[in-house]
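Computed from the coordinates by the stated procedures, all read-outs in this text should not be read as laboratory data. Quick caveat, the model's predicted, so the values are computed rather than measured. Please note: Cβ atoms are built from the backbone with ideal geometry, for glycine as well, and neighbour counts cover all protein chains shown.
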Amino acid sequence: MGFDKRVNKLTINKRKDMGLDQHAHLRGHKVNWEKYYSDNEEESKTEHEQVFVWRKHARLQQFMSAMWDKQNKHHKHEGHLKHLGFNADQDAPVYITEEVAKELAEQIQEGYKDYVAEDGFFWGQQFQEESVKEYKEQDIKFLKFCEQAINDKKVVEYWCSW
């Protein structure tokens, strides 16, 4: 499931729309997607405070894929899409460490200039500059969430599917 900000509608991407879906939350949190996407604001409020969701944020994905590679040096991507890197079929998410949060802060401020998606049609690479602008406020909120979690000795996980 994903929320496509461009058309302001809920999409169930595994069945209808192909593309990059991304989410992050505290380790151990089981996301209740029914509540997250509920039309009842009171019901969805708690999930929205604990879960961050992006749809086709290509540069964030490039960044997280690079972080995943650093955290999983033993893993080799295989197949005809191996150049796209980290995906949901991996055994582990990206863990948001202090180092990752620090670099994320820099990249948010610089528009992820070091993580331009050269490929990845299903990632939305064709409108990645717009996504950086549209998601900047959410990315900053996510960064603050991560920094607070690190201070509280909790672990934030980032997952994706494309």
- LYS133 versus ASN151: modelled label distance in nm, points set 7 Å from Cα along the beta carbon direction: 3.2 nm
- Taking the Cβ of ASN40 as the center, what net charge do the other residues with Cβ under 13 Å away carry, scoring Lys and Arg +1 and Asp and Glu -1? -4
- Could you pull out the pairs from LYS113/LYS133; LYS35/LYS133; LYS45/LYS141; LYS73/LYS144 whose alpha carbons sit more than 18 Å apart here? LYS35/LYS133; LYS73/LYS144
- Message: Output wanted: per-residue J couplings in Hz (rounded whole) for the range 25-38, from phi through Karplus 6.51 cos²θ - 1.76 cosθ + 1.60, θ = phi - 60°, x for Gly and Pro.
- Response: 6, 5, 4, x, 7, 8, 5, 9, 5, 4, 5, 4, 9, 5
